[in-house]
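Notes to accompany the following structure.
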Amino acid sequence: MAQTITIAPVTRIEGHARITIDLDDAGQVADAHFHVTQFRGFEKFCEGRPFTEMPALTARTCGICPVSHLMASSKACDDLMAVTIPPTAVKLRRVMNLAQIMQSHALSFFHLSSPDMLLGWDSDPARRHVLGVAADHPQIALDGIRLRQIGQGIIEILGGKKVHPAWMVGGGVNAPLNSQAREQIAGLAPEALEIARRNLGWFKRSLDNYHDEAESFANFPSLFLGLVDGDGGLEHYDGQLRLTGPDGLVLEDGVEAHDYGFLLGEAVEDYSYMKFPYYKKRGYPDGMYRVGPLARLNLADYAGTSVADQELVAFRQLRSGAVLSSFHYHYARLIEVIFAAERIAELMDDPDILDPHVRAKARSNRNVGIGVAEAPRGTLIHHYEIDDDGRITRCNLIIATGHNNLAMNAGVKQVAERFVSENHLEEGALNRVEAVIRCFDPCLSCATHALGQMPMRIELRSVEGVVVDAVQRD
Amino acid sequence: MEPYILIIGFGSTLRGDDAAGPAVAARLAERFVARSGVSVCVEASLTPELAALASAADRVVFIDCAADLAAGEVRQVEVAPTDDTSPAMVHFLDPAALMLWTRRLYGETPAATQFAIGGGSFEASDDLTPIVANACAFVVARVEALVDQWQNTQEVSRA
């Protein structure tokens, strides 16, 4: 008899999501759905607004990665203005984006995920949180706090605020760097590098302990999408889109921002407000791909900084071809923090970094503007269309969590297949479903780790609606 | 040695009276710009990273808006670290939870005082209602007086 397992709620704040797992007549998992039931409406209510307001408006999409939206939006505005922004503005935008990646990855790895890894996925939720980590591994907890503080500190030095800085604008940035700020940032980067290296060390030494999770956490062939620079190197700000396969072969390369529509389609499902982007040539849903740190490390030819390049070589020893397990998003995040710290240090040494020319000014000179950048969680696309007065007539946002939507659904299904048998929910199902979602670090993961406790209920229900098994944590 | 006092005003500056904490903190930052031993932070919310700053302080002063008070009413309470970690989130904390993080992570428990100002409107706005603006002026004066008292008498009483 066909049955459905419902997990709701998945989260508490950004939450508004649930998971259902459908069983077939034989009691085996037939499908899994990750429902995002929250409606934000940004694409709609931005219509009619002057395009110059878009960076500030769209930054409010998120309190964790407003910098990412500021950047993609500012790039789309650059495009509408048809300007080439000053080189120093590009460098300063890069610094803020790298600081954003540093602080966001620190939040994901140390605050949200390290408690699982260090205390055990099935340890007592009452202490499976960063304070529990502080009790057993105090240096790691302090490192996590400090790393995020450094990333946020650099954002504040540049933009005046840690959250929602208004510093990035169409045409560049609204204030140059001064020598005092440069010294401050330059002084922070080496400490961030040291923290990232120290923690990547224990993570790599612990990999054997995570064998089961690496095998079962969204570990499947897929495509990978992200930006690379003109030489195929790791890129977070500019460059072109590249799409690779599970064997590591490049399927699409050199795709400019304006051509993303030829590469990607967007499907919708009636069970979720989150869109389902897919690779058009493979169709929907076969065109599933992943974005974010795992994808970026899989598709880049090299990182471009010394320590990150060494670590990238080691990372690629995990598997011939692309690294497929989403568990290794965690590994990739730490390498990207190393890259960010190294690159920020390089940029602070750039002889032009104090140049006062940081903004090009113009009115709108095009009716279509597209900005693509790499947010911590993956590729972020802002696509605006404006009328001749500069007002938005159409806005399309494709965010990283959306790109990963198909893969997250597939990941939940993979975990469910392991933890559901004979119409019964095995011990550990709740924790593993949480953890596989957390690998992708969707905005939802913020709420799914409320100091170790995600309110969750999984029900096994018959087609008549009778609950035949359930597990719950309040 | 003079006590070190950390003042944190927090709230959304886009939701009307929720900006009371940041407004008070901004004015205190001006008043204390030349004063040694006092730091002022304006925050959207309390985040774990503030525990690092709090750990270096002898006293922390929190200023926030409250929905459970009448508009313009001011409540001053001493804050102790909470024993309950279950509702605490990673992205934002309340003062008692931040004090818990400070104790657990850094082994420090500075004395802490919270001023809560009752809000009258939390609609989208960057203005305070007049009654809350008046209450903010009162809290600014009150915190100034307390800082003088704490620094002059070294009354910080770390737990």
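The values are calculated or read from the model by the stated rules, or taken from the named source; none is laboratory data. Treat the numbers as computed from the prediction; the structure is a model and nothing was measured. Backbone-built Cβ (ideal geometry, glycine too); neighbour counts: all protein chains shown.
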If a residue must be touching a helix residue (DSSP H, G or I) at 6+ places or on another chain (Cβ under 7 Å) and at negative phi, how many such residues does the stretch B:27-40 contain?
5
Could you say which residue among B:Ala44, B:Ala20 is at pLDDT 95 or above and of a type in the set (Gly, Ala, Ser)?
B:Ala20
Please state which one of A:Ile85, A:Ile101, A:Ile157 is of a type in the set (Val, Ile, Thr), more than 14 Å from chain B (Cβ to nearest Cβ) and part of a loop (DSSP other than H, G, I, E, B).
A:Ile85
All but one of (1) in contact with a Gly (Cβ under 7 Å, 6 or more places away or on another chain); (2) more than 20 Å from A:Ile335 (Cβ to Cβ); (3) within 12 Å of chain B (Cβ to nearest Cβ) hold for A:Trp167; which doesn't?
(3)
Any hit, the stretch A:125-143, residues being facing chain B (nearest Cβ under 10 Å), buried (at least 22 other Cβ atoms within 10 Å of the Cβ) and not in a helix (DSSP H, G or I)
yes
Looking at B:Leu50, B:Leu46 in this structure, which one is under 20 Å from B:Val139 (Cα atoms), in contact with a helix residue (DSSP H, G or I) (Cβ under 8 Å, 6 or more places away or on another chain) and within 14 Å of chain A (Cβ to nearest Cβ)?
B:Leu46
Among the numbered criteria (1) in contact with a helix residue (DSSP H, G or I) (Cβ under 6 Å, 6 or more places away or on another chain); (2) among the small types (Gly, Ala, Ser); (3) free of Cβ contacts under 8 Å to residues at least 24 places away in the same chain, which single criterion is violated by A:Gly283?
(1)
Scanning for something buried (at least 22 other Cβ atoms within 10 Å of the Cβ), under 13 Å from the mean Cα position of the chain (by Cα), away from every other protein chain (no Cβ under 13 Å) and assigned to a helix (DSSP H, G or I), does the stretch B:107-125 turn up at least one residue?
no
Tell me which residues, restricted to the stretch A:344-401, are within 28 Å of the chain's Cα centre (by Cα) and free of Cβ contacts under 8 Å to residues at least 60 places away in the same chain.
A:Glu346, A:Glu385
